[in-house]
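Enquirer: Attaching a single structure in structure tokens format; questions to follow.
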Amino acid sequence: MIEVNQPRDGRPVPPAAGLSLGEERARLAEELAALDDAVGLDPARALDRARGLQERAEELGDHDATVSALLWQAEAYQRDGEPAAAAAIVNQTRDAHAPLGAEHTVRACWLTARIYTDLGDRPTALEHVMDAVGAFTDGVSRRLRTRVLIKVADLLDELGDHEDSMIWYARAEELATGDGRMHMLVVNNRAYSTLESGDGDTALEQARLLMSLGRHYGRPLNADALDTVARIHLLRDEPGPAAETAQQAVDAAEQLEVKAGDALPEYLLTLAVAQRGLGEAELAAKTLGRARDLVSSEAYGRTKARILKEEAEVQAALGDYRAAFETHKEFYEADQELLSQQREAQARARQTIFETVTAREEAARYREEARRDPLTGLRNRLYVEERLSGLLRNQMVTSGVLSVALLDLDHFKSVNDTFSHEVGDEVLRTVARLLEDAVAPVAVTGSFAARLGGEELLLILSTDHRDEALRITESLRASVENYGWTPITPGRIITLSGGMATAVLEDTPSSLLARADAQLYAAKSAGRNRICTDF
């Protein structure tokens, strides 16, 4: 299991001195928002920072900030090539902090889509990102909604639905307009999509739009966008502009204090391809040598394989066919190793996802079973104890009325003695169905029926008026009396007595049920088959 609350370097971030709780929470929110830039540039550093911020959030009792910090950790793992760790954090966060708010729900779905994309399962990734779209509200940040729409478009394109992907890119662009960073990201991804489709002319139009937006927003193209433009030139068989732009991408990346993953070697690879296209094979070989030195880590297997393939092409261009053959063999081995690593990583991540989902489903099932009466299927005493306090609290801040009705089947012992316990159980199951029918019209308000034990039953009714609660309970009493009991208890009609109490401001669960119990005693003393109330 991934530990999600310990800073990697063991040093928690201390709270700021002299700030009020509100000011400290506001500062924490700003620091979390700053991870938006950091997580793409340096996932490992962003992970450490998010862990420290999570600790701060927990000290402040800030639930929203805690969830935000956890999801930043998941994204850092995902961007650092650890989808299993990312999946574990997303799933643990959903379990431990449910229900998530709209912003965090969308973000969790979006992250899960990215994880499945890393695993090569794009259909499942599309399902999750569409779940994110379905969770959109006006309260979800525009930037996150834009990222989700971009992800939908990217996946549709990768799944071969280029036409629909353009519709989603257009939706993303409409939402992103005015936000320079996101607007340029949309156009960059659309340009890359068009590049991958082989449509050089349209890709060039997108590249020109990207450069125009850079001037409009006063944002120079970043290294990633420059690399996209360079590849578009390569697609159009324009090695000169490709080499010039790729060199700009390399220069921009080298100026960064932190180099993001395999970005620089990828830019060097693009530059080398352009140099080979210009007939500068020796220069391309030196560029590839730099790129290869940067991907010695096993984490960059995909890029390393592509570099080896290009090295074989360059060596052939230099006339060194023996070296080209040996490098191609090395490429093949690296490609096969990469495939094996990908399959192993996919298996680990899928197992993590499967185990977490299975555990969550089993926990939910056991939780539900533990709060149901096995004989009647009604809620049980444990559920009543858990829910009644919350309903009382809600009643304090709403205009609704909360009533409870304790019910008891009249002379039920004689039913068991006369007909058998099996018949008695059938009577209880039948009455339980009548209780559920009675409460169904108001179930949406939190109303429910329960069996407390033996023949003792309970209605919890949240209604607009106490008279409505009495009407429901009285109707239930009549339904039990008028039910066709002959096939079950020939010659014997089943009736029930009830005591009803309506909550007041100072009530606790115990005091409310005690008053209902007193009214139940009054109903039995008055002759049974009736409902007595405290109003």
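Enquirer: For residues in the range 499-509 being surrounded by fewer than 15 Cβ atoms within 10 Å (Cβ to Cβ) and either over 30 Å from L388 (Cα atoms) or of a type in the set (V, I, T) (or both), which is farthest from the chain's Cα centre (by Cα)?
Expert: Selected residue: V504.
Enquirer: Which members of the range 75-126 meet the condition of being more than 12 Å from the chain's Cα centre (by Cα) and polar (S, T, N, Q)?
Expert: Hits for the range 75-126 are Q78, T117, T124.
Enquirer: Could you list all residues from the range 22-39 that are at pLDDT below 90 and either closer than 14 Å to A74 by Cβ or not small (G, A, S) (or both)?
Expert: E23, E24, R25, D36, D37, V39
Enquirer: On to the next question. Among the listed residues T194, T245, T228, identify the single one that is in contact with a Phe, Trp or Tyr (Cβ under 8 Å, 6 or more places away or on another chain) and not aliphatic (A, V, I, L, M).
Expert: After applying the criteria, what remains is T228.
Enquirer: Can you name the residue in the range 423-443 that is β-branched (V, I, T) and within 12 Å of L461 (Cβ to Cβ) and is also nearest to the chain's Cα centre (by Cα) among such residues?
Expert: The residue in question is V442.
Enquirer: Does the range 485-498 include one or more residues that are out of contact with any Gly (no Cβ under 8 Å at 6 or more places or on another chain), closer than 18 Å to L391 by Cβ, surrounded by fewer than 20 Cβ atoms within 10 Å (Cβ to Cβ) and not basic (K, R)?
Expert: No, the range 485-498 contains no residue that is out of contact with any Gly (no Cβ under 8 Å at 6 or more places or on another chain), closer than 18 Å to L391 by Cβ, surrounded by fewer than 20 Cβ atoms within 10 Å (Cβ to Cβ) and not basic (K, R).
Enquirer: Please return the ranges of strands (runs of 3 or more DSSP E) entirely within the range 417-507 where 2 or more residues are among the polar types (S, T, N, Q).
Expert: Filter on the range 417-507 gives 456-463, 496-502.
Enquirer: Considering the range 66-115 alone, what residues qualify as being within 16 Å of D48 (Cβ to Cβ) and of a type in the set (D, E, K, R)?
Expert: Hits for the range 66-115 are E75, R79, D80, E82.
Enquirer: If you scan the range 87-131, which residues turn out to be out of contact with any Lys or Arg (no Cβ under 8 Å at 6 or more places or on another chain) and hydrophobic (A, V, I, L, M, F, W, C)?
Expert: Once the filter is applied, which keeps residues that are out of contact with any Lys or Arg (no Cβ under 8 Å at 6 or more places or on another chain) and hydrophobic (A, V, I, L, M, F, W, C), the range 87-131 yields A87, A88, I89, V90, A96, A98, A102, C109, L111, I115, L126, M130.
Enquirer: Also, I was wondering about something else. Quick test for you: out of A132, A125, A113, pick the one residue that is modelled with pLDDT under 90, surrounded by 20 or more Cβ atoms within 10 Å (Cβ to Cβ), of a type in the set (A, V, I, L, M) and over 30 Å from E24 (Cβ atoms).
Expert: One residue alone meets the criteria, A125.
Enquirer: For Y116, work out the one condition from (1) farther than 27 Å from V295 by Cα; (2) in contact (Cβ under 8 Å) with a residue 12 or more places away in the chain it doesn't fulfil.
Expert: So Y116 meets the others, but not (1).
Enquirer: Residue check: is V431 hydrophobic (A, V, I, L, M, F, W, C) and farther than 21 Å from E369 by Cα?
Expert: The answer is no for V431.
Enquirer: If you don't mind, another one. As an exercise: evaluate F419 against (1) of a type outside the set (D, E, K, R); (2) surrounded by fewer than 18 Cβ atoms within 10 Å (Cβ to Cβ); (3) without any contact (Cβ under 8 Å) to a residue 24 or more places away in the chain and give the number of the one condition it does not meet.
Expert: With respect to (1) of a type outside the set (D, E, K, R); (2) surrounded by fewer than 18 Cβ atoms within 10 Å (Cβ to Cβ); (3) without any contact (Cβ under 8 Å) to a residue 24 or more places away in the chain, F419 is out only on (3).
Enquirer: Turning to a different aspect of this structure: Quick test for you: out of T177, T146, pick the one residue that is of a type in the set (V, I, T), surrounded by fewer than 21 Cβ atoms within 10 Å (Cβ to Cβ) and more than 13 Å from the chain's Cα centre (by Cα).
Expert: The unique qualifying residue is T177.
Enquirer: OK, next. Among the residues of the range 507-521, write down those that are in contact with a Lys or Arg (Cβ under 9 Å, 6 or more places away or on another chain) and without any contact (Cβ under 8 Å) to a residue 40 or more places away in the chain.
Expert: none
The values are calculated or read from the model by the stated rules, or taken from the named source; none is laboratory data. Not measured: the values here are computed from a predicted model. When we count neighbours, we look across all protein chains shown, and the Cβ atoms used for this are built from the backbone with ideal geometry, even at glycine.
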